Amino acid sequence: MAAYQKRIRIEHWLLLGIVLLAVGLRVPAIDYDLPHVFHPDEPAVIRVSREIFATGDLNPHFFDYPTLSFYANALAYTPFYLTGRLSGQFDSRSDVLPLQTLAMGTTMAPQPAAVLLNRGVSLIMGVGTVVLLYLIGRALYDRPDAGLIAALLLAVSPNHVYQSRIVTPDAMVTFFIVLAFLAAALILRSDRTWPYALAGLAVGLAGGTKYNGALIALTIPAAHFLRTGLRGWRDVRLYAAGALSFLVFLLTTPYAVLDYPAFSAALRGTMGHYGTGHAGMEGDTVAWYATFLWTTTTVAPLLAMAQIARGIWQRSKPTLLLALYPLAYFLFISRFEVRTDRTILPLVPFVPLLEAVVLADLLAGLRRAPRKPARVALAMLLVGLAAATVAYPAWATVRDNRLLAREPSQVTAANWIAANLEPGARVAIAPYSPFIDPAVYEVVSFENLIDNPPEWFAAQGFDYLAAGSGLYDRFLRDPARYPDEARRYTLLFDFYELVRSFDDGLNGVRVYRVR
């Protein structure tokens with residue numbers, strides 16, 4: 001008994017260390033761009049959440065995502081607002097100010113602390129997902145070592161770290177997806193009723209956060225029938241879990257019914273967008289995702305696939321269940337033309353879970369190896385795998401944090417513009433440009449500067465153009481896919497005088513003189 005308690009204490013201390021590591025990697029760059037907001041999608045979530053908080057109108061009037069993330073981020077303003085009320089700065093909820101957006105990726109936050117609270121929601125979800133992986137390792141395999149390894153691998157994952165501090169639904173939906181899978185693992189390993197309730201709740205919350213989150217529902221009947229066999233169709237708890245998930249979705253996205261025309265139109269539009277393409281984020285979907293996983297996790301996907309093959313060979317129910325969602329989800333997202341690092345995020349935690357079983361088995365083999373040569377070979381293999389799957393992603397995450405800690409090129413460019421351009425100058429900008437004070441300059445925003453011929457800007461009386469690489473570089477780096485856009489950008493940039501260019505290692509800005 002004493003030995004068991006000691007082992008549990010060690011597990012908890014190790015888990016605490018992993019959690020602190022996860023927090024330590026996610027917090028440092030959480031304010032990387034403030035008071036600016038350069039991410040293209042954060043302002044949409046912040047705008048809707050702020051409107052809900054300021055007006056009390058629970059209809060988001062925006063259904064590209066379900067509404068749970070909007071409600072959660074609206075609630076996050078509460079401590080900011082109460083502090084303002086107590087200090088006499090705020091009289092009403094509308095004193096929580098909206099963002100000021102000039103173009104996509106060109107936004108200013110008048111109250112940066114409010115944005116930090118929104119990002120804190122994603123941070124909590126991201127760190128919570130790390131903890132869930134430990135619990136799944138214990139529940140699914142009765143292997144706390146596998147759970148700890150999986151948690152460590154996710155804690156240092158560059159993609160998960162980055163998404164855990166961005167105000168989008170992705171970190172939240174990933175948390176609920178993993179929570180639903182924990183419920184599925186409990187259903188597989190026991191005949192208790194409460195995991196079915198947890199499953200229904202978690203699936204509903206996942207679907208209520210982002211529509212693709214509902215796909216995790218596949219694992220619930222799979223776990224049920226893997227345990228019970230076909231006779232399980234009579235078990236009412238399975239159907240109750242499904243009904244509960246649908247009810248929770250409606251409770252978290254009530255205007256899917258109350259404002260059905262807007263909801264239906266937005267859902268069709270979102271599906272159409274992913275199916276038809278988005279410039280710079282389209283084509284070669286399978287290859288792009290495979291390359292992305294390789295560059296962020298190295299050999300982890302290979303180890304995960306090895307574990308899936310072992311599971312099929314051994315007919316391991318835990319591994320078959322664990323493999324179901326990532327395989328189904330990868331096939332699902334591979335159907336679309338658009339591919340992004342956010343879209344693949346729900347799959348990311350399942351790679352460490354599968355990989356961790358292989359690593360835990362190698363560790364166990366090292367302890368059991370009777371001969372020194374075998375122990376040395378296994379030790380060397382484990383050191384190499386640890387370097388590839390833990391040390392390298394951790395290094396990449398620290399590198400990314402350091403890059404984000406630099407002054408963004410958009411800020412450097414905006415400061416240079418404020419110091420060197422004459423007040424009242426007419427400046428054309430496009431997405432990802434620097435935020436130029438519209439009270440000082442005449443700022444005109446365009447969806448794309450190449451929508452007009454180069455000479456048009458001089459004819460319209462513009463003095464300068466400010467272009468961000470977040471838009472123009474997606475065409476210039478792939479002229480084979482975008483020959484017309486690349487040609488027009490080359491013509492535009494050759495037509496006018498380049499005054500200054502800025503590059504922080506992540507983004508670039510070019511300022512051109514028109515006249």
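Per-residue answers, yes or no, for (1) open to solvent by less than 50 Å² (accessible area, probe 1.4 Å); (2) of a type outside the set (A, V, I, L, M):
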| site | (1), (2) |
| --- | --- |
| Ala151 | yes, no |
| Val167 | yes, no |
| Ala183 | yes, no |
| Ile187 | yes, no |
| Ser190 | yes, yes |
| Gly207 | yes, yes |
| Phe225 | no, yes |
| Gly232 | yes, yes |
| Phe249 | yes, yes |
Look through the stretch 397-407, keep the residues that are assigned to a helix (DSSP H, G or I) and touching a residue at least 24 places away in the same chain (Cβ under 8 Å), and return whichever of them is least open to solvent (accessible area, probe 1.4 Å).
Thr397
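If we keep just the residues of the stretch 499-515 that are assigned to a loop (DSSP other than H, G, I, E, B) and hydrophobic (A, V, I, L, M, F, W, C), which is least open to solvent (accessible area, probe 1.4 Å)?
Step one: list which residues in the stretch 499-515 are assigned to a loop (DSSP other than H, G, I, E, B), which gives 504-507, 514-515.
Those left that are additionally hydrophobic (A, V, I, L, M, F, W, C): 506, 514.
Details: Leu506: 86, Val514: 20 Å².
Looking at the filtered set, the residue picked out is Val514.
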Filter the stretch 408-461 down to the residues that are β-branched (Val, Ile, Thr) and touching a residue at least 24 places away in the same chain (Cβ under 8 Å), then identify the one that is surrounded by the fewest Cβ atoms within 10 Å (Cβ to Cβ).
Thr412
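Here are Val48, Val19: which of them is within 24 Å of Ala405 (Cβ to Cβ), surrounded by 16 or more Cβ atoms within 10 Å (Cβ to Cβ) and modelled with pLDDT of 95 or more? Break it down into steps so the answer makes sense when it comes.
Working: Val48 fails: within 24 Å of Ala405 (Cβ to Cβ).
Criteria check complete, one pass: Val19.
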Given (1) within 17 Å of the chain's Cα centre (by Cα); (2) of a type in the set (Gly, Ala, Ser); (3) open to solvent by 20 Å² or more (accessible area, probe 1.4 Å), identify the lone condition not met by Ala243.
(1)
Among the residues of the stretch 481-498 satisfying the criterion of being within 21 Å of Ile417 (Cα to Cα) and not in a helix (DSSP H, G or I), which is least open to solvent (accessible area, probe 1.4 Å)?
Tyr496
Could you please find all residues in the stretch 296-323 being open to solvent by 50 Å² or more (accessible area, probe 1.4 Å) and in contact with a Leu (Cβ under 6 Å, 6 or more places away or on another chain)?
Lys317
Look through the stretch 251-274, keep the residues that are surrounded by fewer than 15 Cβ atoms within 10 Å (Cβ to Cβ) and of a type in the set (Ser, Thr, Tyr), and return whichever of them is farthest from Asp57 (Cα to Cα).
Ser264
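Out of the residues in the stretch 68-108 meeting the condition of being closer than 22 Å to Asp41 by Cα and small (Gly, Ala, Ser), tell me which one is surrounded by the most Cβ atoms within 10 Å (Cβ to Cβ). First the steps, then the outcome.
So the first thing to find is which residues in the stretch 68-108 are closer than 22 Å to Asp41 by Cα, and the list is 68-77, 96-108.
Keeping just the survivors that are small (Gly, Ala, Ser) gives 69, 72, 74, 76, 103, 105.
Details: Ser69: 28, Ala72: 19, Ala74: 23, Ala76: 21, Ala103: 21, Gly105: 24.
So the residue we want is Ser69.
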Got a number for residues in the stretch 303-327 being closer than 20 Å to Pro346 by Cβ and either out of contact with any Phe, Trp or Tyr (no Cβ under 9 Å at 6 or more places or on another chain) or among the aliphatic types (A, V, I, L, M) (or both)?
11
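Are any of the residues in the stretch 109-125 among the basic types (Lys, Arg), assigned to a helix (DSSP H, G or I) and open to solvent by less than 10 Å² (accessible area, probe 1.4 Å)?
Going through the stretch 109-125, the residues among the basic types (Lys, Arg) turn out to be 119.
Subsequent filtering for residues that are assigned to a helix (DSSP H, G or I) retains 119.
Subset that is open to solvent by less than 10 Å² (accessible area, probe 1.4 Å): 119.
Looking for residues that are among the basic types (Lys, Arg), assigned to a helix (DSSP H, G or I) and open to solvent by less than 10 Å² (accessible area, probe 1.4 Å), one finds at least one in the stretch 109-125, hence yes.
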Residue list for the stretch 52-77, filter: in a helix (DSSP H, G or I) and touching a residue at least 24 places away in the same chain (Cβ under 8 Å)
Phe53, Ala54, Thr55, Leu68, Ser69, Phe70, Tyr71, Ala72, Asn73, Ala74
Residues that are modelled with pLDDT of 95 or more, under 30 Å from Glu337 (Cβ atoms) and open to solvent by 60 Å² or more (accessible area, probe 1.4 Å): does the stretch 281-293 have at least one?
no
Out of contact with any Gly (no Cβ under 9 Å at 6 or more places or on another chain) and buried (at least 17 other Cβ atoms within 10 Å of the Cβ): which single residue out of Leu362, Leu347, Leu327, Leu366 fits that description?
Leu347
Of these, Asp473, Asp478, which one is out of contact with any Leu (no Cβ under 8 Å at 6 or more places or on another chain) and either assigned to a loop (DSSP other than H, G, I, E, B) or of a type in the set (Gly, Ala, Ser) (or both)?
Asp478
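Report yes if Phe330 is in contact with a Phe, Trp or Tyr (Cβ under 8 Å, 6 or more places away or on another chain), at pLDDT below 95 and hydrophobic (A, V, I, L, M, F, W, C), otherwise no.
On the way: in contact with a Phe, Trp or Tyr (Cβ under 8 Å, 6 or more places away or on another chain): yes; at pLDDT below 95: no; hydrophobic (A, V, I, L, M, F, W, C): yes.
So Phe330 fails the test.
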Scan the stretch 469-498 and report the pairs whose first residue is farther than 28 Å from His39 by Cβ and whose second residue is buried (at least 20 other Cβ atoms within 10 Å of the Cβ), with Cβ atoms within less than 8 Å and a gap of 6+ or a chain change.
Tyr496/Phe457; Tyr496/Leu465; Tyr496/Tyr512; Tyr496/Val514; Glu497/Tyr512
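Open to solvent by 20 Å² or more (accessible area, probe 1.4 Å), in a loop (DSSP other than H, G, I, E, B), over 30 Å from Ser264 (Cβ atoms) and touching a helix residue (DSSP H, G or I) at 6+ places or on another chain (Cβ under 7 Å), is that true of Pro28? Reasoning before the result, please.
Details: open to solvent by 20 Å² or more (accessible area, probe 1.4 Å): yes; in a loop (DSSP other than H, G, I, E, B): yes; over 30 Å from Ser264 (Cβ atoms): yes; touching a helix residue (DSSP H, G or I) at 6+ places or on another chain (Cβ under 7 Å): yes.
Against the criterion (open to solvent by 20 Å² or more (accessible area, probe 1.4 Å), in a loop (DSSP other than H, G, I, E, B), over 30 Å from Ser264 (Cβ atoms) and touching a helix residue (DSSP H, G or I) at 6+ places or on another chain (Cβ under 7 Å)), Pro28 qualifies.
Using the structure shown, decide if Asp41 is acidic (Asp, Glu), out of contact with any helix residue (DSSP H, G or I) (no Cβ under 8 Å at 6 or more places or on another chain) and closer than 30 Å to Tyr260 by Cα. Before you say what the answer is, go through the steps one by one.
Values: acidic (Asp, Glu): yes; out of contact with any helix residue (DSSP H, G or I) (no Cβ under 8 Å at 6 or more places or on another chain): yes; closer than 30 Å to Tyr260 by Cα: yes.
Spelling it out, Asp41 is indeed acidic (Asp, Glu), out of contact with any helix residue (DSSP H, G or I) (no Cβ under 8 Å at 6 or more places or on another chain) and closer than 30 Å to Tyr260 by Cα.
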Please count how many residues of the stretch 352-396 are in contact (Cβ under 8 Å) with a residue 24 or more places away in the chain and either part of a loop (DSSP other than H, G, I, E, B) or of a type in the set (D, E, K, R) (or both).
1
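The values are calculated or read from the model by the stated rules, or taken from the named source; none is laboratory data. Since the structure is predicted, the reported quantities are computational estimates derived from the model, not experimental observations. Because the Cβ atoms are built from the backbone with ideal geometry, glycine has one as well, and the counts that use them run over all protein chains shown. Surface accessibility is based on the protein's heavy atoms, side chains included, excluding ligands, DNA and RNA. Shrake-Rupley method; radii C 1.70, N 1.55, O 1.52, S 1.80 Å.
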